[in-house]
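Notes for the one structure printed next.
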Amino acid sequence: MKTTRKISTVIYHVLVLGFGLMMIYPLIWMVMSSFKETNTIFTTAGSLIPEKFTLQNYINGWKGFAKISFGVFFKNSLFISIAATIGTVISSALVAYGFARCEFKGKKFLFSAMLISMMLPAQVLMIPQYLWYQKLGWVGSYLPLIVPYFFAIQGFFVYLMINFIDGIPRELDEAAKIDGCSYYTIFSKIILPLISPALVTAGIFSFMWRWDDFLSALLYVNESAKYPVSLALKLFCDPGSSSDYGAMFAMAFLSVLPAVIMFIFFQKYLVEGIATSGLKG
């Protein structure tokens, strides 16, 4: 019996390791290719380890285009991602608190509408949103990439925070009301500290989604100097002329690092935010 269990455990771990390597192999290939000479990347695609390591791809990639350093694109992405993430976290927490603790007419209808909005593909709203932003004169700026997120447009985060707030005993609210606290004081002094795992989880996911957002930037950003990293990477691949795949892989690897670093530092909060729902015990 023990032998059978050990064999099953070994087979399980081997399969998981194999699938894990299959999933991560494209990323490893991209990283190793960034250290190859550009003209040898696809001729030696079957070989993972470069015959000759070079950092020239990173030097060429960081130079950017038209005297615009690639660092500018990183600054643009950081600005968009941080601003949109702040708006998402704050607005989602406020809306979640309203749904979880406040009673008002139309609450069930609005909650149902929020759940339905989570099921709508983004492509359905793409054209009406573009026409709306065009009439507002926002096309060509960062406003369409930032301002909407200050209005809790991502129902997933609202729903996540509602579950956390529902897990907080209402006795805490009642005790605070007896002490003369308003709804705003209860929200800022009691609710926010207790839902910090959900706030961090929402912040991590929002930052990663905004950092990787290619389509929105492609629609609304026209000037190359305003490009975020996700959009700037396509400049390395020009069908009309030569493409510098080595530099593209090098900058793509650098663009992945912020999300990886954020995940490493906030992994504890991320796991807690997904696994738990409110207070324990």
## Note on the structure
Nearest 10, in degrees from 0 to 90: the angle of helix 155-166 to the longest Cα principal axis of the chain is 40
### Task
Tell me the label-point distance for the pair Q56, F150, using the 7 Å Cα-to-Cβ offset, in nm and rounded to one decimal.
4.8
### Summary
Of every hundred units of 1.4 Å-probe accessible area on the chain, the number belonging to carbon and sulfur atoms, as a percent, is 70
### Task
Subtracting the Cα-Cα distance from 0.36 nm times the residue separation, let me have the gained length for F214 to I127 in nm, one decimal.
29.7 nm
### Query
Counting only residues 5 or more places away or on other chains, whose amide H sits under 5 Å from the amide H of I68 once H atoms are built in the peptide plane?
none
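Which of K135/K226; K63/K226; K6/K268 have a Cα-Cα distance over 19 Å?
From the list (K135/K226; K63/K226; K6/K268), the Cα-Cα distance tops 19 Å for K135/K226; K6/K268.
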### Query
With every protein chain in place, what's the accessible area of W29 (1.4 Å probe, Å², nearest 10)?
50
### Candidate residues L172, L21: accessible-area rank, largest first, probe 1.4 Å
L21, L172
### Accessible-area value, R170, 1.4 Å probe, nucleic acids and ligands omitted, Å²
110
### Query
In nm, what is the difference between 0.36 nm times the number of residues separating L115 and W29 and their Cα-Cα distance?
27.0 nm
### Query
Residues of the stretch 39-151: accessible area per residue at 1.4 Å, in Å²?
63
### Message
Could you work out how much longer the chain between L254 and I49 gets when fully extended? Use 0.36 nm per residue separation minus the Cα distance between them, nm to one decimal.
### Response
71.9 nm
#### Entry: Candidate aspartates and glutamates - alpha carbon under 16 Å from K108, same-chain residues fewer than 8 apart omitted
D166
### Query
Cα to Cα, under 27 Å, and not fewer than 8 places away if on the same chain: which lysines meet these conditions relative to K107?
K177, K189
### Query
If you rank M114, M119, M251, M262 by how much accessible surface each has, with a 1.4 Å probe, what is the order from largest down?
M119, M262, M114, M251
### Query
Which entry in (i) 14.9; (ii) 22.3; (iii) 16.2 matches mean projected area of the Cα convex hull in nm² derived from the coordinates of this structure?
(ii)
### Summary
Rounded to whole angstroms and listed largest first, the alpha-carbon spread of the stretch 78-128 along its three principal axes comes to 37, 26, 15
### Message
Between the stretch 1-43 and the stretch 169-248, how far is it from one alpha carbon centroid to the other, in angstrom?
### Response
31
### Message
Given an 8 Å cut-off on Cα distances and at least 6 residues of separation, report the relative contact order of the chain as a percent.
### Response
30
### Message
Pairs of alpha-carbon atoms within less than 8 angstrom and 6+ residues apart define the contacts here; what relative contact order does the stretch 158-242 have, in percent?
### Response
25
### Query
How high is the relative contact order of the stretch 1-130, in percent, with contacts defined as C-alpha pairs under 8 Å that are six or more residues apart?
12
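Taking a 1.4 Å probe, which of V139, V14 shows the most accessible area, and what order do the others take after it?
Correct descending sequence by accessible area is V14, V139.
The values are calculated or read from the model by the stated rules, or taken from the named source; none is laboratory data. All figures in this text were calculated on a predicted structure; none of them were measured in a lab. So basically every Cβ, Gly included, is an ideal-geometry build from the backbone, and we count neighbours across all protein chains shown. Just the protein is used for accessible areas: all its heavy atoms, side chains included, with ligands, DNA and RNA removed. Shrake-Rupley method; radii C 1.70, N 1.55, O 1.52, S 1.80 Å.
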